[in-house]
Amino acid sequence: MNTSNKRNEIMESNVAAKRVKTECSYGERCYRLNPAHFREFSHPHLESILNNYSGEGDYPIPSTMQAQQMLILDQLKIIKEKGLYTAASNFIRESTTALTKEKDTNRDIQQCSHSNENMLSVASDQSKLNRNKEKVIEKETIERREKNKSPVNQSTMKGDYKPIIEPTRRPEQFLKVVLPPGGMAAKHAASAPYHIFYTTITDARETHRQTNSITFLEILDRSLGELKCSLQINFMVEPGWLLAQYYFAGYSGKKLTILYGDDCADMKSLSKKKPNVDAHYVSMATPFGKHHTKMMLLCYEDGSLRVIVSTANLYIDDWENRTQGLWFSPQCPPLPAESMPHDGESPTLFKRSLLRYLHHYQMPQLSYYVDWVKRCDFSHINVFLVASVPGSHFDTEWGISRIGALLRQHCFVPPGENTKWPLLAQASSLGSYGKEPKLWLTGDFLHNFTKIKDQPQMMSTPAELKLIYPSLENVKQSHDDLLGGGCLPYAAEVHTKQPWLNNYLYQWQAKSTYRNKAMPHIKSYTRVSPDNKMAAYFLLTSANVSKAAWGTLNKGNRALRIMSYEAGVLFLPKFIINQDLFPLDRNAANRLILPYDVPPVKYTSDMSPWVSDYLT
């Protein structure tokens, strides 16, 4: 008998009730954080760690599990705090009396005890080696800093510095919009406190001069610091276009890691052609789920980091005549060498949320970037990370449960006015919602997106829902005519099954931002006051209005079932401008600039939503 798999559960009543747990079928890939799950199932890899834990210092997590270290630590904390497992040495001592008549079982337990003693000894020796290694690394780091303050020279001493390779061609020969280099740091500073940017529109010259417009090449501008390596997490990637951006920035020799979700032959062979590029396809358990996140981690030679959460795929069409949004974080500087991984946290717990998201991939290739995040100071980040990951979730860390929990805790709407502040849900695609809206759209979805603090959870009358999605007429007048609808994959077959959706549809109009003819691939959510002068929050995300992206709640056990990877950032006034609401007036201080015009304009009776079938 393996005592790490089959053990007697200690009951709260101290009654000697014994029940054998079933081993979790996910094994080391288990991502659960629900105490009920650990009460029901055994996890040999976690129980082995607890068996080998001396009670002091760090848990002896095997090197093969370092990529999901943060997740494992959270799981161990739950198991220990809830008393859901007794370490093997204690278990043997407590169980021997009850099992004296089972000679074979006793022998197995004694053998397990002897094995555990050996493993504890090994873990203790390994712990000493790790502490000594950390001291040596810290000493070497201090010596390097004292010897030479130049970040580039520090990297050279490490032997892994890759120099800038100046391009031999001019970007203007290949890119339609190129702004003078060297100005992005100043533009980024001017974007405070929101740090929201919208992509420059090739055929709308007015956007070329906007301080909140951005090209991809500006993201790599050297005024922000010299890039050492970067991680691109996305759905669709056009490798030629992406590598051209790095080439013109001088970073063609820098380490680049790509996670992508749209299977592509060019991406499969990319790593062989470009040794500095490490590309990995993220497969999904169901065809309805997509690896839809658009995120970048930019790591600089001085040890700092920037995070970008975007709505744009990494291919040319998404960066020319489509409206896209980005949150471009401030610089996150390196922490002192003696800092702990959880140091440098923000009031929004952004660092913890980012690490938890990265750990969910369980990919060793991400451990390098996970370690980089741990070593950086996120204390000045003022947004919340709102992400989705595939699976069934019982906590409030993901999808609509995440947004509902945050709004319930922090979102302010004047008392008695909650039903008067509509939810504006703007997306580039719509989902399949069922025969009537209350099954999901005006049910769990609307309920979570309209939660506010200091109000009863249930309302007799829900707030109004306004879905902003381009009509056929909107697309026809776009810069690219009907091809402008290429980023709007809503299908006619789906719409015919939910004709009631027309009652909630509003046009894409964005004259105030000069993006009226730039069809939206952006996804954003907000609630505005009845006079359209204030906003309660703003969410910029990759997630469309769909069940796959936000999740559906199981009516039986209340588990949230999510199919896709998504990522967004939530802006709440208290954390951004220290006020209850965001001002929307053009001349207001700290004005929040929405990507579209408010109030939105409803479809006329003769309008229909754009469907992808128009391009076939």
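The values are calculated or read from the model by the stated rules, or taken from the named source; none is laboratory data. Computed from a prediction, not measured in an experiment: that's the story for all the values here. Don't worry about glycine lacking a Cβ; one is built from the backbone with ideal geometry, like all the others, and counts go over all protein chains shown. Surface areas here come from the heavy atoms of the whole protein model, side chains and all, with no ligands, DNA or RNA. Shrake-Rupley method; radii C 1.70, N 1.55, O 1.52, S 1.80 Å.
Overview of values
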| read-out | value |
| --- | --- |
| Residues of segment 415-456 satisfying the condition of being open to solvent by less than 70 Å² (accessible area, probe 1.4 Å), in a loop (DSSP other than H, G, I, E, B) and either touching a Pro at 6+ places or on another chain (Cβ under 7 Å) or under 30 Å from ILE577 (Cβ atoms) (or both) | GLY416, GLU417, TRP421, PRO422, ALA427, SER428, SER429, THR450, LYS451, ILE452, LYS453, GLN455 |
| Sole exception among (1) free of Cβ contacts under 8 Å to residues at least 24 places away in the same chain; (2) in contact with an Asp or Glu (Cβ under 7 Å, 6 or more places away or on another chain) for PRO422, by number | (1) |
| Filtered residues of segment 457-480 (kept if part of a loop (DSSP other than H, G, I, E, B) and under 30 Å from ASP580 (Cβ atoms)) | GLN457, MET458, MET459, SER460, THR461, PRO462, ALA463, GLU464, TYR469 |
| Residue match in segment 269-278 (condition: modelled with pLDDT of 95 or more, over 22 Å from LEU224 (Cβ atoms) and of a type outside the set (Lys, Arg)) | yes |
| Any chance SER388 is of a type outside the set (Asp, Glu) and under 28 Å from ALA285 (Cβ atoms) | yes |
| Count of residues meeting criterion [in a helix (DSSP H, G or I) and either among the charged types (D, E, K, R) or open to solvent by 10 Å² or more (accessible area, probe 1.4 Å) (or both)] in segment 381-405 | 3 |
| Residues satisfying the stated conditions in segment 457-474, i.e. modelled with pLDDT of 95 or more, closer than 16 Å to LYS420 by Cα and open to solvent by 70 Å² or more (accessible area, probe 1.4 Å) | GLU464 |
| Hits in segment 244-263 - residues which are of a type outside the set (S, T, N, Q), open to solvent by less than 40 Å² (accessible area, probe 1.4 Å) and either in contact with a helix residue (DSSP H, G or I) (Cβ under 8 Å, 6 or more places away or on another chain) or not in a loop (DSSP other than H, G, I, E, B) (or both) | ALA244, TYR246, PHE248, ALA249, GLY250, LYS254, LEU256, ILE258, LEU259, TYR260 |
| Unique match (being β-branched (Val, Ile, Thr) and in contact with a His (Cβ under 9 Å, 6 or more places away or on another chain)) among ILE576, ILE593, ILE562 | ILE562 |
| Single residue of segment 344-375 satisfying the filter (assigned to a loop (DSSP other than H, G, I, E, B) and over 17 Å from LEU259 (Cα atoms)) that is most open to solvent (accessible area, probe 1.4 Å) | ARG375 |
| Selection status of LEU483, in a helix (DSSP H, G or I), touching a residue at least 24 places away in the same chain (Cβ under 8 Å) and within 17 Å of LYS602 (Cα to Cα) | no |
| Among (1) over 21 Å from VAL178 (Cα atoms); (2) surrounded by 17 or more Cβ atoms within 10 Å (Cβ to Cβ), the one test that LYS272 misses | (2) |
| Check on SER478, open to solvent by 10 Å² or more (accessible area, probe 1.4 Å), among the hydroxyl-bearing types (Ser, Thr, Tyr) and within 20 Å of TYR506 (Cα to Cα) | yes |
| Hits in segment 588-616 - residues which are closer than 23 Å to LEU539 by Cβ, open to solvent by 30 Å² or more (accessible area, probe 1.4 Å) and in contact (Cβ under 8 Å) with a residue 60 or more places away in the chain | ASN590, ILE593, ASP597, VAL598, PRO599, VAL601, LYS602 |
| Filter pass, GLU320 being acidic (Asp, Glu) and either at pLDDT below 95 or open to solvent by less than 10 Å² (accessible area, probe 1.4 Å) (or both) | no |
| Contacts under 6 angstrom Cβ, first residue in segment 323-344 being under 30 Å from GLY484 (Cα atoms) and of a type in the set (Asp, Glu), partner open to solvent by less than 20 Å² (accessible area, probe 1.4 Å) and at pLDDT below 95, 6 or more apart | none |
| Selection within segment 183-217 - open to solvent by 10 Å² or more (accessible area, probe 1.4 Å), touching a helix residue (DSSP H, G or I) at 6+ places or on another chain (Cβ under 7 Å) and of a type in the set (A, V, I, L, M, F, W, C) | ALA185, LEU217 |
| Check on LEU539, outside any helix (DSSP H, G or I), more than 30 Å from HIS495 (Cα to Cα), in contact (Cβ under 8 Å) with a residue 24 or more places away in the chain and open to solvent by less than 20 Å² (accessible area, probe 1.4 Å) | no |
| Only one of LEU242, LEU259 that is touching a His at 6+ places or on another chain (Cβ under 6 Å) and in contact (Cβ under 8 Å) with a residue 40 or more places away in the chain | LEU259 |
| Residues within segment 165-181 that are in a loop (DSSP other than H, G, I, E, B) and open to solvent by 50 Å² or more (accessible area, probe 1.4 Å), tallied | 9 |
| Conditions (1) surrounded by 21 or more Cβ atoms within 10 Å (Cβ to Cβ); (2) touching a Leu at 6+ places or on another chain (Cβ under 6 Å): number failed by THR293 | (2) |
| Candidates PHE412, PHE378 - the one that is open to solvent by less than 10 Å² (accessible area, probe 1.4 Å), within 25 Å of SER329 (Cα to Cα) and assigned to a loop (DSSP other than H, G, I, E, B) | PHE378 |
| Test: residue in segment 561-582 that is assigned to a loop (DSSP other than H, G, I, E, B), in contact (Cβ under 8 Å) with a residue 60 or more places away in the chain and of a type in the set (Val, Ile, Thr) | yes |
